[in-house]
Amino acid sequence: MAGRAPHGNNQPPKIIVKKVYIEGHGGHHGGAWKVAYADFVTAMMAFFLLMWLLGATTEKQRKALADYFAPNLVNFRASSAGSTGLFGGESITDQDNYPHKAQQTGTRSLTVPVEAKGGAQVGTGEKGSLKNKRIEAEDRKNFDKIAQQIKQQIGQNAKLARLATHVRFVPTRDGLRIDLVDNADYSMFALGTTSFEAEAEKLIGLIAESIKPLPNTLMIRGHTDSLAFQNPAGMNNWLLSSSRAEATRRRLAAGGLEDARFERIEGVADREPYVADNAADPRNRRVAITLLYRKGAFGQ
């Protein structure tokens with residue numbers, strides 16, 4: 001800005017320059033980068049949340065989440081009878097999306113096979129839980145009857161009466177187990193062989209006659225004590241236990257049991273001792289004949 005020169009003075013006017021500094025806000029103190037950074041942090045948070053959900057949920061839960069965002073139920077109902085009605089194709093009392101039409105001849109319980117999932121009558125089929133309970137009760141009743149019958153016949157036979165303490169009936173989860181147990185005074189088999197003693201062979205025949213009318217299958221398991229053989233290559237407790245189980249199977253078959261009745265024949269050597277604290281106890285030598293529950297009847 002130029003000032004007026006003094007009167008009568010030819011000196012040029014003084015020029016005063018005034019600088020005004022205006023602070024700008026578009027540099028590093030601006031707010032645009034903050035918005036971008038907030039978007040980045042939000043995206044990373046969403047990413048880590050997704051990773052956590054994938055790791056912390058089960059396959060079933062992940063499928064439910066996927067179905068929520070892409071529901072098939074809507075498409076299913078769209079093709080159902082009355083899908084455009086008030087209840088979207090369902091009635092007030094309907095348990096699932098089953099169409100109800102005026103011309104249909106039955107309800108779901110009549111038209112859907114009992115083996116299918118859902119329905120009011122599930123459980124009454126061949127493997128249904130309601131039928132299982134009935135079969136289970138029948139098997140338990142038959143097992144009790146067989147046990148009493150065998151005990152009575154042993155008591156009436158003078159030659160077998162001495163074996164009464166060697167026969168034990170044990171209800172198990174698989175069925176009724178009949179244990180034929182040795183002791184220090186008597187062995188069912190000749191020592192170290194698969195040959196029955198005379199009374200033991202008659203006892204197996206009596207058991208075969210008693211269980212022959214039942215439809216239940218059998219499992220036979222041989223057990224030994226822990227005493228080892230001098231020549232394990234020729235005979236050992238594994239071979240002896242399985243061979244005695246097979247000898248028992250042959251005697252039961254000779255007593256009239258069909259081959260289809262035998263479900264499993266096995267030997268476990270001394271791995272399942274009857275007297276746990278003394279593996280060499282002679283009572284560990286035994287054969288277990290198990291009358292199995294019918295399939296689908298118990299423990300399924």
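The values are calculated or read from the model by the stated rules, or taken from the named source; none is laboratory data. Everything quoted here is computed from the prediction, not taken from an experiment. Neighbour counts are summed over all protein chains in view; Cβ atoms, including those assigned to glycine, are modelled from backbone coordinates with ideal geometry. In case anyone asks, the SASA skips ligands and DNA or RNA and just uses the protein heavy atoms, side chains included. Shrake-Rupley method; radii C 1.70, N 1.55, O 1.52, S 1.80 Å.
Among the listed pairs K60/K133; K151/K212; K145/K212; K63/K295; K60/K295, those with a Cα-Cα distance over 22 Å are K60/K133; K63/K295; K60/K295. Gain on full extension, evaluated as 0.36 nm per residue between V170 and T58 minus their Cα-Cα distance, stands at 36.1 nm. When only alpha carbons are used to place a centre, the range 204-222 and the range 243-291 end up 12 Å from one another. Amide H contacts for T217 (H built 1.01 Å from N in the peptide plane; partners 5 or more residues away or on another chain; cut-off under 5 Å): L292.
Near the amide H of T172, within less than 5 Å, lie the amide hydrogens of R177, all on another chain or at least 5 residues away, with H placed in the peptide plane. Under 17 Å from a label point 7 Å along Cα→Cβ of F229: give me every residue in the range 184-205 with its amide N that close. Once the point is set 7 Å along Cα→Cβ of F229, 189-196 turn out to lie under 17 Å by backbone N, inside the range 184-205. Here the Karplus curve 6.51 cos²θ - 1.76 cosθ + 1.60, taken at θ = phi - 60°, turns the phi angles of the range 223-236 into couplings of 10, 10, 7, 8, 5, 8, 8, 5, 10, x, 5, x, 8, 9 Hz, with x standing for Gly and Pro.
What accessible area per residue, rounded to a whole number of Å², is obtained for the range 178-220 using a probe radius of 1.4 Å?
Values: 1690 Å² over 43 residues.
I get 39 Å² per residue for this part.
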